[in-house]
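K.L.:
Right, I'll just put the structure down here and ask away after.
The values are calculated or read from the model by the stated rules, or taken from the named source; none is laboratory data. This one's a predicted model, so the numbers in the text were calculated from it and none came from an experiment. Note that we place each Cβ from the backbone using ideal geometry, even for glycine, and neighbour counts take in every protein chain shown. To get the accessible areas, we keep the full protein, side chains included, count just its heavy atoms, and leave off ligands, DNA and RNA. Shrake-Rupley method; radii C 1.70, N 1.55, O 1.52, S 1.80 Å.
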Amino acid sequence: MDNSEDSTKLSTGATVRNASVLLIFAKQPLAGQVKTRLTPDLTPCQAATLYAFSLRQTIAALSRDDDYDVVICYSGERSYFAERYPQCQLVCQGQGDLGQRLKRMFHHAIQCGWQRVCVVGTDSPDLPRERVLQAFKALEDNDFVVVPAEDGGYVLAGASDYYPTVFEQIDWSSERVLEQTRTRLVSCQLRYHLLPPWEDIDDVGSLRRYAQRHADNGCSRYALRCLQGKRNLK
């Protein structure tokens, strides 16, 4: 795996077409390494396949806008993403916890020349494109913007400059992420804006609700098959 790849390649090779950039944090969908909170309700292979569907849908939905550039911040083999998403620029997240990786990616995006930077994961494949556009709009008058997650984290974070301390002293993957982030924003005296929340797919309940909202796409159809199989096992 090439996780050790020098992520400064983005700084020297980025194509900046717009003032705004959307960073999509993505992992190579390997069994046992993604969507682990859905196991053992789903098998590791099912969870990885579901993640692959979610990844594909997120990139397809959010990379079709001419108002902002898109960079996939990947973890895993670069070739996996280059072969499937040739329309997107790629940069390796590098090592460290989520806060360290977020700081690294925001830093490089600002260094490249983008003036407004938003980041999303792939756990909310139905996050509306309009919500992303609202976030970029909010950064015209604010230092930071957040789309909260229903579970106490966030599905999108954005900044108009590099503010590394915002991502420090955060208990990642906990229900305290948003609360602690807001505390950091206040302590840094940054202007921030909260947009309406959205839901991550992080357990069977949220997966079922997602599948009920969207019965007509590959991700939801696969989720329904997994959930149906789970019921049949009872």
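K.L.:
Could you give the angle, 0 to 90 degrees to the nearest 10, between helix 218-232's Cα long axis and the longest principal axis of the Cα atoms of the chain?
P.N.:
Roughly 40 degrees between the two axes.
K.L.:
Where in region 51-146 are there trypsin sites (Lys or Arg not before Pro) that are in a DSSP coil and have at most 15 other Cβ atoms within 10 angstrom of their Cβ?
P.N.:
Working: sites: ARG56, ARG64, ARG78, ARG84, ARG101, LYS103, ARG104, ARG116, ARG129, ARG131, LYS137; in loops: ARG64.
Qualifying residues, ordered by number: ARG64.
K.L.:
Over region 139-234, with every protein chain in place, what whole percent of the accessible area is carbon and sulfur at 1.4 Å, could you tell me? Working shown, then result.
P.N.:
Numbers: 2350 of 4990 Å².
Here carbon and sulfur together make up 47 percent of the probe-accessible area.
K.L.:
Where does helix 177-187 land angle-wise versus the long Cα axis of the chain, in degrees 0 to 90, nearest 10?
P.N.:
Tilt of helix 177-187: around 10 degrees.
K.L.:
If you fit an axis through the alpha-carbon atoms of helix 204-213 and take the longest principal axis of the Cα set of the chain, what angle between them do you get, 0 to 90°, nearest 10?
P.N.:
90
K.L.:
Quote the FRET efficiency, to the nearest 0.05, computed for THR43 versus ARG176 with a Förster distance R0 of 35 Å and r equal to the Cβ-Cβ distance. Spell out each step's value before the answer.
P.N.:
Numbers: r = 30 Å, r/R0 = 0.86.
Between THR43 and ARG176 the formula returns 0.70.
K.L.:
Enter the accessible area per residue of the chain (Å², integer; probe 1.4 Å; all protein chains in place).
P.N.:
Numbers: 11010 Å² over 234 residues.
Accessible surface, normalised per residue, equals 47 Å².
K.L.:
For the chain, count all C-alpha to C-alpha pairs, find those more than 31 Å apart, and express that count as a whole percent of the total.
P.N.:
The proportion of pairs with Cα distances above 31 Å equals 19 percent.
K.L.:
Which FRET efficiency value, to the nearest 0.05, do you get for SER187 and GLN111 by plugging their Cβ-Cβ distance into 1/(1 + (r/R0)^6) with R0 = 25 Å? Could you put the intermediate results ahead of the total?
P.N.:
On the way: r = 25 Å, r/R0 = 0.99.
About 0.50, to the nearest 0.05.
K.L.:
Another question, if that's okay. Quick one: plug the Kirkwood hydrodynamic radius of region 44-170 (C-alpha pairs) into Stokes-Einstein at 10 °C, 1.306 mPa s, and report D in µm²/s.
P.N.:
Values: Rh = 15.4 Å.
Value of D from the Cα-based Kirkwood radius: 103 µm²/s.
K.L.:
Normalise the Debye intensity by I(0) for region 102-234, one equal point scatterer per Cα, no solvent, then take log10 at q = 0.21 Å⁻¹ and round to two decimals.
P.N.:
For region 102-234, the Cα-only Debye profile gives -1.21.
K.L.:
Once phi is turned into θ = phi - 60°, what whole-Hz ³J(HN,Hα) does the Karplus curve with 6.51, -1.76 and 1.60 give for every residue of region 93-99, x standing for Gly and Pro?
P.N.:
Calculated HN-Hα couplings, in order: 4, x, 8, x, 6, 4, x Hz.
K.L.:
Of all beta bridges DSSP finds with both residues in the chain, what is the antiparallel percent, to the nearest 5?
P.N.:
On the way: 9 of 29 bridges.
Among the beta bridges of the chain, antiparallel pairing accounts for roughly 30 percent.
K.L.:
Now for a separate question. GluC sites (Glu not before Pro), restricted to region 116-224: which are DSSP loop and have at most 15 other Cβ atoms within 10 Å? Please list the in-between numbers first.
P.N.:
Working: sites: GLU130, GLU140, GLU150, GLU168, GLU175, GLU179, GLU199; in loops: GLU140, GLU150, GLU168, GLU175, GLU199.
Sparse-neighbourhood loop GluC sites (Glu not before Pro): GLU140, GLU150, GLU168, GLU175.
K.L.:
Using a 1.4 Å probe on the protein heavy atoms, what percent of the accessible area of region 7-117 belongs to carbon and sulfur?
P.N.:
After summing per-atom areas, the C and S share lands at 45 percent.
K.L.:
Tell me, how many Å apart are the Cα centres for region 171-201 and for region 82-125?
P.N.:
19
K.L.:
Let me ask you something else. What percent antiparallel are the DSSP beta bridges of region 143-234, to the nearest 5? Working shown, then result.
P.N.:
Working: 5 of 9 bridges.
Approximately 55 percent, going by the DSSP bridge assignments.
K.L.:
Taking region 164-234 on its own, what percent of its Cα-Cα pair distances exceed 17 Å?
P.N.:
Details: 1475 of 2485 pairs.
Result for the distance tail: 59 percent.
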